[in-house]
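One structure below.
The values are calculated or read from the model by the stated rules, or taken from the named source; none is laboratory data. Fair warning: this is a prediction, and the values are worked out from it, not measured in the lab. Please note: Cβ atoms are built from the backbone with ideal geometry, for glycine as well, and neighbour counts cover all protein chains shown. Remember, those area values only see protein heavy atoms, side chains included, never the ligands or the DNA or RNA. Shrake-Rupley method; radii C 1.70, N 1.55, O 1.52, S 1.80 Å.
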Amino acid sequence: LDAVITVDRDGRIDYMNPVAESLTEWDAAEALGRPSHEVVRLAAEDRGKAPEDPVRRVMARGAAEALSDQAVLISRSGQEVAVQANAAPIRGRGGEVNGVVIVFHDVSRERRMRRLLSYQASHDALTGLINRREFERRLNSALESVRADPSLRHAVVYVDLDQLHVINENFGMHVGDEVIAKVAEVVRRRSPVGALAARIS
């Protein structure tokens, strides 16, 4: 269900539906008349630049606005809720902008699923290290950076677990997997800050 908030021409809230009350944790009776930015507090999910106040943008431009797909709503208690939101002008009979309607809904589950799928596509399930495909992508990026700036330096260290098949044959694949996971953990712990560790087999 969508949360709906309407704001008058002075930027003050004049309506909230129950879904908006739930997501913002503001009772409509208490929120009415307050500046919208006090109730609809937005931030960037990645802690980057906060989204511009959608009410101010719509009032200034007189056109609908869609928020960044990385926006989060900060509730009254400080909880962050991933939201997808749109704001549009409310016009009078003469076409003048008399207010703004903000419509948003909780997309936390969808964003969590998207992050999980992205992680699974780029990481090895056993070790948690990046996989061959992601390693090759980042290696190509590093090579491009050197082409752009020859003063940059990168190094590649390759570690081969020789004779791992002997462990698998004598003690079982699950023991071999444990060895791989242990080695990966050592590599991860001993790698310098900024280094990249991958499983490419």
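Residues whose amide H lies under 5 Å from that of TYR15, counting only those 5 or more places away or on a different chain, are THR6; hydrogens are built 1.01 Å from N in the peptide plane.
Note the direction-averaged projected area, equal to a quarter of the hull surface, for the Cα convex hull of the stretch 98-180, in nm².
11.1 nm²
Binning the C-alpha pair distances of the stretch 138-201 at 10 Å intervals from 0 yields a P(r) profile of 17, 38, 26, 14, 5 %, listed from the shortest bin outward. Each of ILE5, LEU126, ALA85 was scored by the projection of its Cα onto the charge dipole of the stretch 1-141, and the greatest displacement toward the positive side belongs to LEU126; charges sit on the C-beta of Lys, Arg, Asp and Glu.
With no solvent and one point on each alpha carbon, what is the Debye value of log10 I(q)/I(0) for the stretch 1-114 at q = 0.10, 0.14 Å⁻¹? Log10 I(q)/I(0), no solvent term: -0.27, -0.52. Measuring between their Cα centroids, the stretch 155-169 and the stretch 43-82 lie 49 Å from each other. Pick from LEU117, LEU32, LEU164 the residue whose mean-square fluctuation is largest in a GNM of the chain, springs joining Cα atoms under 10 Å. Among LEU117, LEU32, LEU164, the largest mean-square fluctuation in the Gaussian network model of the chain belongs to LEU164.
For the stretch 56-201, the convex hull drawn through the C-alpha positions has a volume of 206 cubic angstrom per residue. Just want the answer: with Cβ charges of +1 for Lys and Arg and -1 for Asp and Glu, which residue in TRP26, ASN98, ILE200 is farthest toward the dipole's positive end in the chain? Checked the options; the winner is ILE200.
Tally up the carbon and sulfur contribution to the accessible surface of the chain as a whole percent, 1.4 Å probe, everything protein left in place.
52 percent
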